[in-house]
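In what follows, a single structure is set out as C-alpha cells and then discussed.
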Amino acid sequence: MILAAGFGTRLLPFTKKTPKPLFTINRRPVLDIIIRSLDAAGCEAVIINTHHLHRKITSFVDGQNYAIPVHTRYEPAILGTGGGIKNAADFWDNRPFMVINSDIITNIDLREVYDFHLDHNHPVTLVLHDYEVFNHVAVSRDGLIKGFGTQSHGDRFLAFTGIQVLDPEVLDFIPEGVFSSSIDAYRKMISAGKKVNAFISEGHDWEDMGTPERYREAAVEKMASESFGIILKPEIRNPKSEICRTKLKGDGSDRKWYRLTAGTNSLIMADHGIREQDETCEADAFVNIGRHLRDRGIPVPEIYLYDTFPGLVFMEDLGDVNLQAAVKNADSSADIISHYKSVIDILVKMSVSGGRGFDRSWTYQTPCYDRSLILEKECRYFVDAFLRGYLEKDVCFEDFEDEFICLADRAIEFQVTGFMHRDMQSRNIMMKNGRFYLIDFQGGRVGPLQYDLASLLIDPYTDLPLPVQARLTDYCIEKLSSLIPVNPEEFRICYQYCCITRNLQMLGAFGFLSRVRGKTYFEEYIPSALKTLDRNLSKSDADFPNLKDFFVRRFPIKNIQD
C-alpha cells in the first residue's frame, strides 16, 4: 500500500494544482518511482489511498501500463495512516504486506526489507535509520521498538523511514471508519505484549518531500548525480561526498545559478523554482528553446538533464568569461570588432535558422514581438519603473502615448522576422576556448533581427563607440544579405527604432532592479543608457517631440548623470 491521502499542506502553494505524489524527480512522478520499485522488489499488487486532488492521481495511474495491478481508493474524509490501512482491509490476504509513504525518495532495498520480516515471527517491521531531525523512535539493543516520541525509553533513538511490513493481525488494533494513526496501533500492540521489530538501514539514500526545501534538495541530489553520470561515464557512486556546489552571481531574474563540480568535471545548474501553474513557465521555455537552438546548430549550452516541475536544468559549463569581459581585456579595437563580428554571425544564423521550425507555444511570455508588447513591456515599463519608480517623476504613460504608438509601429514596420533572443547583450554571450555561446534565451520569440542587433550594439556594459556600431551594422546587413534578400535602407530604419524600444526596456529594467530588487550595481550603467536614448531620440525629433522635450528641456541628460 502506498499512503497518498495527505493534503500536502506543508508544500503549499505548489500542491494547489499538483498532488504531492505526482511531484517529479527527473520528470518521473515520485509515485511512479515507488510503484516501479515495489514491482522490482516482487510486489504482486498495489493499492493507493487518495484524497487531495484524487482524480489526478487516479488519472495518472490509469494512464500507465504497469506490469502489476495498481488500484486507487478514494477517502472522502482523510482516515490517517492507520485508518487508511484499515480501509483497505479487503485488499489484504493472509500474507504480510508492505506499506510505504508516497513522499519519500530512497534506494533502500525493499525486497531485503520484506525478506527480513519473513525471517522473524513478529507482526510488524518498521524500517528505521539515523536521521537526526526525525530520531524519535526508541529502539532496544536487540532491535525491538520500545516506544515513539521523546518520552519513550530505549538504547538509541532512530527515525522512521516511512517503510513498513505488517502482518494482517495489525488490522485488529486499528478502529474501523475513523481517523487513526498506525503509530497508535503499534503502541497498543506493544502494550499487549506484541513485538514491533526494527530493520535498521545504513548506507542508503533517503529524502522526504515534506517541505519545498526538502523536495528541491531531493531533486537536486538525484539529478546532479545522474547529470555527472552522463558526462563522466560511469556515474559517480557517492554524489553527496563527491559533488560540490557553488552559488554563482545571478542576473536580473529570480533564478538561482550554481556550478557543480566532481573532480575536474563541472556543470551548471539553473534553479527556476518549483512550478506553481499549469501553463508554460520560464523553465519550459528555457529547455524547449535551448534544445531547438542547439538542434539548429546555434552555439548554446548542451542541456544534460531537466525537470521543469522543480524548475531544475543541468547543462554544460561555459566558464566565466563573457563578451563584456572579453571586450574589456581585448588588446586592440580590431580584436573587439572581430569578437562582435563572430557574435553577429551567430545572431544572423540564429534569426534565420532558429526561426525555422520554431514553435510559438514554447514561449512563456508572448509568442512574438509585436505592438502590444512594445507598448506594455517596454514603453509603459519605462515610464512606471524608470521615470516614476526610479526618477520619481510625476508623469504617466498617457503623457507620451501617441509617440509610443508611433514608436511601436515603426519598430516592426520593416523587421527582418526570425527567432529573436530578446536579451542579446554582452553578459548573455559567453566565450569558451575562443568560441562564443549564447545563454539566457528563455525570453526568445518571433521578432525582428534588428532588435537583437540593437541590444548587442547599444549595450551599456560595453559602450561601443558610434563608428564601431555603424561598422558592425553594415557588417550585419552584409552577412544577412548572403542568406536572404535585404533592403539596407529599410533594415536601418527598423534598427533605428528598435534601438529606442530596447533603450526604454533597458532603463526600465535598471530602474526596477535598482530600486525594487535592491541590485544597485545596475545604476552605474544608467548614464550610458540615457546618453544613448538622448542620441537616438535626437535622430527622430519629429516623431517624439514630447519625449525629447522631457529629456532635453525639462530634465536635461547632464543633470541625470550628475
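The values are calculated or read from the model by the stated rules, or taken from the named source; none is laboratory data. What you are looking at is a predicted structure, and each value in this text was computed from that prediction instead of being measured. Neighbour counts are summed over all protein chains in view; Cβ atoms, including those assigned to glycine, are modelled from backbone coordinates with ideal geometry.
Counting the residues of the range 461-492 that are out of contact with any helix residue (DSSP H, G or I) (no Cβ under 8 Å at 6 or more places or on another chain) and assigned to a loop (DSSP other than H, G, I, E, B) gives 4. When G80 is tested against (1) within 23 Å of G210 (Cβ to Cβ); (2) in contact with a strand residue (DSSP E or B) (Cβ under 9 Å, 6 or more places away or on another chain); (3) crowded, with 19+ Cβ neighbours inside 10 Å, only condition (2) is not met.
Residues of the range 253-288 that are over 14 Å from the mean Cα position of the chain (by Cα) and not in a loop (DSSP other than H, G, I, E, B): R259, L260, T261, A262, N265, S266, L267. Is the range 313-323 home to any residue that is in contact with a His (Cβ under 7 Å, 6 or more places away or on another chain), in a helix (DSSP H, G or I) and not charged (D, E, K, R)? Within the range 313-323, one or more residues are in contact with a His (Cβ under 7 Å, 6 or more places away or on another chain), in a helix (DSSP H, G or I) and not charged (D, E, K, R). Quick check, is I105 surrounded by 14 or more Cβ atoms within 10 Å (Cβ to Cβ), touching an Asp or Glu at 6+ places or on another chain (Cβ under 6 Å), of a type in the set (V, I, T) and within 20 Å of G203 (Cα to Cα)? In short, yes. Scanning the range 6-27 for residues being touching a strand residue (DSSP E or B) at 6+ places or on another chain (Cβ under 9 Å), within 17 Å of E217 (Cβ to Cβ) and not polar (S, T, N, Q) gives a total of 3.
Among the criteria (1) more than 17 Å from A454 (Cα to Cα); (2) modelled with pLDDT of 95 or more, the one V343 does not fulfil is (1).
Could you pull out the residue among R410, R356, R371, R380 that is among the basic types (K, R), buried (at least 16 other Cβ atoms within 10 Å of the Cβ) and under 30 Å from V486 (Cβ atoms)?
Working: R356 fails: buried (at least 16 other Cβ atoms within 10 Å of the Cβ); R371 fails: buried (at least 16 other Cβ atoms within 10 Å of the Cβ); R380 fails: under 30 Å from V486 (Cβ atoms).
None of the other options fit; the residue is R410.
Here the condition is being in a helix (DSSP H, G or I), over 17 Å from F551 (Cβ atoms), of a type in the set (A, V, I, L, M) and in contact (Cβ under 8 Å) with a residue 24 or more places away in the chain; of A529, A509, it holds for A509 alone.
Could you please let me know if V165 is β-branched (V, I, T), under 34 Å from the mean Cα position of the chain (by Cα) and either part of a strand (DSSP E or B) or within 26 Å of R36 (Cα to Cα) (or both)? Lay out the reasoning, then the answer.
On the way: β-branched (V, I, T): yes; under 34 Å from the mean Cα position of the chain (by Cα): no; either part of a strand (DSSP E or B) or within 26 Å of R36 (Cα to Cα) (or both): yes.
So V165 fails the test.
Restricting attention to the range 428-438, the residues being in contact with a strand residue (DSSP E or B) (Cβ under 6 Å, 6 or more places away or on another chain) and within 17 Å of K249 (Cα to Cα) number 2.
Which one of these is more than 38 Å from the chain's Cα centre (by Cα) and closer than 22 Å to I104 by Cβ: F148, F199, F134? Unique residue meeting the criteria: F148. Can you name the residue in the range 436-451 that is assigned to a strand (DSSP E or B) and within 27 Å of the chain's Cα centre (by Cα) and is also surrounded by the most Cβ atoms within 10 Å (Cβ to Cβ) among such residues? If we take residues in the range 436-451 being assigned to a strand (DSSP E or B) and within 27 Å of the chain's Cα centre (by Cα), then G447 is surrounded by the most Cβ atoms within 10 Å (Cβ to Cβ).
Summed over the range 185-215, residues that are in a helix (DSSP H, G or I) and surrounded by 16 or more Cβ atoms within 10 Å (Cβ to Cβ) total 8. May I ask you to list the residues in the range 23-63 that are closer than 21 Å to F97 by Cβ, within 25 Å of the chain's Cα centre (by Cα) and of a type outside the set (A, V, I, L, M)? Scanning the range 23-63 gives a single hit, D32.
List pairs: first in the range 138-165 and outside the structural domain of N197 (by TED's automatic domain parsing), second in a strand (DSSP E or B), Cβ under 6 Å, 6+ apart or cross-chain? Once the first residue is outside the structural domain of N197 (by TED's automatic domain parsing) and sits in the range 138-165, no partner that is in a strand (DSSP E or B) comes close enough. Among the numbered criteria (1) modelled with pLDDT of 90 or more; (2) of a type outside the set (V, I, T); (3) surrounded by 13 or more Cβ atoms within 10 Å (Cβ to Cβ), which single criterion is violated by S253? The one condition S253 does not meet is (1).
The residue that is farthest from F173 (Cα to Cα), among those in the range 52-87 that are assigned to a loop (DSSP other than H, G, I, E, B) and in contact with a Phe, Trp or Tyr (Cβ under 7 Å, 6 or more places away or on another chain), is H52.
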